[in-house]
Structure formats: C-alpha cells, structure tokens
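So the structure is just underneath, and the comments pick up after that.
The values are calculated or read from the model by the stated rules, or taken from the named source; none is laboratory data. Keep in mind the model is a prediction, meaning the values are calculated, not measured. All Cβ positions, even for glycine, are placed from backbone atoms using ideal geometry, and neighbour counts span all protein chains on display. Protein only, heavy atoms only, side chains kept; ligands, DNA and RNA dropped before computing areas. Shrake-Rupley method; radii C 1.70, N 1.55, O 1.52, S 1.80 Å.
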Amino acid sequence: VSPKINRAAWQNIDASSLARSVMAVDEQVLMESRSKSEQLYSWFANMTAIFPLLGILGTVISLLPMVADMENMQQNFFAALTSTLWGLIFAIAAKIADAPLAAKMEENDKELELLLARRPEIEEMESVTV
C-alpha cells in the first residue's frame with residue numbers, strides 16, 4: 001500500500017491556466033482592496049488604544065463630583081471603578097482580537113507583494129504559451 005499524498009488544488013492546474021487566472025485579477029482592484037483593509041484595520045487599532053482612555057475618563061468624571069459631595073462618596077467611587085473596569089475589559093478583548101488580525105494583515109501584505117512581483121513573469125509565460 002503506497003501512502004497518499006494530498007496536493008493543493010492549484011498544483012493540479014497547468015501553468016498557462018494558472019497564469020490566465022492570475023492575469024484576470026486587476027491590479028487596481030487589488031490595491032483598492034488593500035487600501036480599504038488597511039484603513040479598517042487602522043480604525044480598529046485606534047479604537048483598541050482608545051478603550052483604556054475612555055475608562056480613565058469615566059473614572060475622572062465619576063471622581064470629580066465626589067470632592068464636592070462627600071455624602072454620596074460610595075456611589076461615585078463605585079461608578080468610577082465600574083467605568084475603569086469596562087474600559088479595561090473592552091481594551092483587553094480588543095487586544096486579544098488584534099493579535100490574529102495583525103498577523104493576517106501582514107500575511108496578506110506579503111502575498112500581495114509577491115503576486116505583484118510575479119506579474120511580469122506571469123505575463124511573460126502567458127505571451128509564450130499563447
């Protein structure tokens with residue numbers, strides 16, 4: 001019994017067919033898609049950085065009235081700690097989500113650069129096989 005070898009689907013396609021499928025992808029569409037994904041990721045990364053600041057802001061806003069109103073000190077202090085807690089919870093959750101997103105963004109950038117670098121080779125292959 002011989003061992004089975006799993007091959008990727010693209011390995012079963014001949015070179016000219018692969019070249020035609022890659023050529024069908026418009027470079028401008030790829031660059032627009034890359035730009036949009038970078039903008040969305042930038043927005044996400046900025047939101048991740050803002051969450052702890054929102055928690056601190058909530059703490060300060062809750063603690064300021066405590067100075068003027070010592071009777072409701074416990075209620076104001078609880079509100080201050082609660083806003084800090086929620087800011088930290090969202091910051092930690094966003095940071096956890098950021099790890100795989102950052103890795104995927106980096107991987108996509110490398111793959112796009114490799115594809116764009118290989119386009120002249122693919123165009124040359126296409127002109128030879130046609």
Scanning segment 30-62 for residues that are more than 16 Å from the chain's Cα centre (by Cα) and β-branched (Val, Ile, Thr), which turns out least open to solvent (accessible area, probe 1.4 Å)? Thr59
Out of all the residues in segment 89-101, which are free of Cβ contacts under 8 Å to residues at least 60 places away in the same chain and within 9 Å of the chain's Cα centre (by Cα)? Ala97, Asp98, Ala99, Pro100
Members of segment 66-88 that are surrounded by fewer than 16 Cβ atoms within 10 Å (Cβ to Cβ) and under 28 Å from Met47 (Cβ atoms): Phe77, Phe78, Leu81, Thr82, Leu85, Trp86, Leu88
State all residues of segment 89-130 that are of a type in the set (A, V, I, L, M), modelled with pLDDT of 85 or more and surrounded by fewer than 12 Cβ atoms within 10 Å (Cβ to Cβ); if no residue qualifies, say none. Ile96, Ala99, Ala103
For the subset of segment 67-79 comprising residues that are closer than 22 Å to Leu54 by Cβ and at pLDDT 75 or above, which member is farthest from the chain's Cα centre (by Cα)? Gln75
